[in-house]
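Undergrad: Sharing a structure with you now.
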Amino acid sequence: MAYLFDGFQKFGKEHLEAVAKSTSSLANSWQTIAAESSDYSKKSIENGSAFFEKLLGAKSFESAIQIQSEYAKTFFEGLVGYVTKTGELYSNLAKEAFKPIETAITKVQAVKE
């Protein structure tokens, strides 16, 4: 009977440690995603303000079109970079979230064999 209790206690301790580690890792991932989003937002606002100032200083219609084209290109490149980076961060977040489950399944499969 004591053997079963020790096994149950060990099982509970292992899972508690795994949950604590996973929670810490997930929190760090969310912080990284939030920081990346915040940085992108700041850069986007700064770029938008700079664009508007340049646009107000345009001397001709052609100049305004050129400024708008440059801004659109820069905006799109920045957006693609942001989406790529956050996609990778979310992918890593999902991998970290499922690590404890993957470990538990591996242990269960090992016990069955």
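The values are calculated or read from the model by the stated rules, or taken from the named source; none is laboratory data. The model shown is predicted, which means the values in this text are computed figures rather than measured ones. Every residue, glycine as well, gets a Cβ built from its backbone with ideal geometry; the counts of neighbours run over all protein chains shown. Heavy atoms of the whole protein, side chains included, go into the accessibility calculation; ligands, DNA and RNA do not. Shrake-Rupley method; radii C 1.70, N 1.55, O 1.52, S 1.80 Å.
Undergrad: Roughly to the nearest percent, how much of the accessible area of the chain is carbon and sulfur, given a 1.4 Å probe? Spell out each step's value before the answer.
TA: Working: 5830 of 9090 Å².
Roughly 64 percent, rounded to a whole number.
Undergrad: Follow-up. Rounding to the nearest 10 and keeping the result within 0 to 90°, find how far the Cα-based axis of helix 61-112 lies from the longest principal axis of the chain.
TA: 0
Undergrad: Using only Cα atoms, figure out Rg for region 51-113 and give it as a multiple of 2.2 N^0.38 Å. It would help to have the intermediate numbers written out before the result.
TA: Details: Rg = 24.5 Å, N = 63, 2.2 N^0.38 = 10.6 Å.
This ratio for region 51-113 stands at 2.30.
Undergrad: Return the Rg/Rh ratio of the chain with Cα-based radii and a Kirkwood Rh. Spell out each step's value before the answer.
TA: Values: Rg = 25.3 Å, Rh = 18.4 Å.
Reported Rg/Rh, Kirkwood definition of Rh: 1.37.
Undergrad: What do you get for the angle between helix 2-56 and the principal long axis of the chain? Use alpha-carbon atoms, 0 to 90 degrees, nearest ten.
TA: 0
Undergrad: Related question: When the Cα centres of region 33-56 and region 61-113 are compared, how far apart do they sit, in Å?
TA: Between the Cα centre of region 33-56 and that of region 61-113, the gap is 20 Å.
Undergrad: May I ask you to derive the FRET efficiency for Ala94 and Ser38 from their Cβ-Cβ distance with R0 = 22 Å, giving the value to the nearest 0.05? Walk me through the numbers before you get to the answer.
TA: Values: r = 21 Å, r/R0 = 0.97.
After rounding, the FRET efficiency stands at 0.55.
Undergrad: Is it possible to state the helix-based mean residue ellipticity at 222 nm for the chain, with each DSSP H run of 4+ residues giving -39500 (n - 2.57), the sum divided by total residues, to the nearest 500 deg cm²/dmol? What is it? Walk me through the numbers on the way to the answer.
TA: Values: 2 runs with 107 residues, N = 113.
About -35500 deg cm²/dmol.
Undergrad: Which shape class, rounded, prolate or oblate, goes with region 32-84 when its Cα gyration tensor gives a ≥ b ≥ c as root eigenvalues, a/c under 1.5 marks rounded, and past that a/b bigger than b/c marks prolate? Intermediate values should be presented prior to the final figure.
TA: Working: a/c = 7.13, a/b = 2.23, b/c = 3.20.
Here region 32-84 falls in the oblate category.
Undergrad: Let me ask something additional. Provide the solvent-accessible area of Tyr90, counting protein heavy atoms only and rolling a 1.4 Å probe, rounded to the nearest 10 Å².
TA: Roll a 1.4 Å probe over it and Tyr90 shows about 110 Å².
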